[in-house]
Amino acid sequence: MLKGIAYHQDSWVQSDKLYVHISDLSIHRAYAVFDYMKEKKGKVPWIDAYLDRFFRSLNLAGIGITQTKQEVHDLIHDMIRQNGFGISGIKLLATGGYSPNGFTVPDQSNFFILNYKGKQIDPVIYQNGIVLIHDDFQRPNPEIKTTQYFNTAQLYQKMLKHKADDVLYHHHGIITETSRANFYVIKNGGIRTSGGHILSGITRKNFLKTFKDKYPIDLGDLYFSDLKNIDEAFITSTTRGVVPVVKIEDLLIGNGEVGSITKKLMAQFNDKY
């Protein structure tokens, strides 16, 4: 839940007093980028990597902000100290700014730092695993973390029907990622995850670094038709780390239970994270 103080342009503002004008291009053209990181007891794991990705998204999207990377780093920690949530999510958001006609890009963007008060993750998702739906879709500009989640929102009712956590995207038979996480499969003791056409997840990067010498890991195409033959599946995300996937719509993954290797991965990665 969005709580406490937030940062907008050069000022601290109470979150419930924070507004954006109807002329902003994030509304008219979905022209905005963001990033999201987790804070726990005042610390933000891999904050420099998240900032690098955010500024890369800004550059690729052609959206500028006046703050430097170090200034944003310091502002994040200042906000954490002021709000004192202990567990929270931090969103960096830069929009295209206020356009006089709904399509012309102005010189000044809107930059926000938002703080979402969090809580401990329900351990049930790690014990029982999650369900995904799937959809034939390729996210445009996957290397840029944009706010364009139209397709995901459009599928919300389908997710409710299947009691699903997220949607798994595939295109021309090749799996890429879920709408909010990176996706992996396990077959014969080896781990495979998509090597391209995805957002390069920060948790993914650190997961691969952690296990590169412990398990065979292959970065390559994942075929949707192969899901019926895999042993286990899981995702990695900023907020939850490694989470097992036990079902994709009506297809059970393996025996439909959390697999032994996924349990080991969670124990070795999530506790440190």
Worksheet entry | Residue tally, condition out of contact with any Ser or Thr (no Cβ under 8 Å at 6 or more places or on another chain) and not hydroxyl-bearing (Ser, Thr, Tyr), over the range 219-232 | 7
Worksheet item: Is it the case that Ile63 is over 23 Å from the mean Cα position of the chain (by Cα), in the same structural domain as Gly97 (by TED's automatic domain parsing), part of a loop (DSSP other than H, G, I, E, B) and hydrophobic (A, V, I, L, M, F, W, C)?
Response: no
Worksheet entry | Subset tally (residues that are surrounded by 17 or more Cβ atoms within 10 Å (Cβ to Cβ) and of a type outside the set (Ser, Thr, Tyr)) for the range 187-197 | 2
Item to complete: Look at Gly62 and say whether it is in contact (Cβ under 8 Å) with a residue 24 or more places away in the chain and closer than 23 Å to Trp12 by Cβ.
Response: no
Practice prompt. Search the range 135-186 for residues being polar (S, T, N, Q) and without any contact (Cβ under 8 Å) to a residue 12 or more places away in the chain, and hand back the single one that is surrounded by the fewest Cβ atoms within 10 Å (Cβ to Cβ).
Written response: Gln157
Fill in: Checking Val13 against (1) in contact with a Gly (Cβ under 9 Å, 6 or more places away or on another chain); (2) more than 23 Å from Pro142 (Cβ to Cβ); (3) at pLDDT 95 or above, the condition it does not meet
(1)
Response to the item:
Among Ile113, Ile125, Ile133, Ile121, the single one that is farther than 23 Å from Asp165 by Cα and in contact with a Lys or Arg (Cβ under 9 Å, 6 or more places away or on another chain) is Ile113
Worksheet item: Of the residues in the range 221-266, how many are in a loop (DSSP other than H, G, I, E, B) and touching a strand residue (DSSP E or B) at 6+ places or on another chain (Cβ under 8 Å)?
Response: 12
Discussion item. Given the options Asn270, Asn229, name the one that is surrounded by fewer than 18 Cβ atoms within 10 Å (Cβ to Cβ) and within 21 Å of the chain's Cα centre (by Cα).
Written reply: Asn270
Fill in: Some residue of the range 112-135 being part of a loop (DSSP other than H, G, I, E, B) and either of a type in the set (Ser, Thr, Tyr) or more than 30 Å from Lys247 (Cβ to Cβ) (or both)
no
Worksheet item: Just for helices (runs of 4 or more DSSP H) wholly inside the range 149-218: which have at least 2 residues that are under 26 Å from Phe54 (Cβ atoms)?
Response: 150-154, 202-211
Fill in: Enumeration of residues in the range 106-124 that are of a type in the set (Val, Ile, Thr) and surrounded by 14 or more Cβ atoms within 10 Å (Cβ to Cβ)
Ile113, Ile121
Response to the item:
Scanning the range 19-44 residue by residue, those surrounded by 16 or more Cβ atoms within 10 Å (Cβ to Cβ), in contact with a Phe, Trp or Tyr (Cβ under 6 Å, 6 or more places away or on another chain) and not charged (D, E, K, R) turn out to be Leu25, Met37
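The values are calculated or read from the model by the stated rules, or taken from the named source; none is laboratory data. As the structure is a prediction and not an experimental result, all values here were calculated from the model. Glycine also receives a Cβ, built like all others from the backbone with ideal geometry; neighbour counts cover every protein chain displayed.
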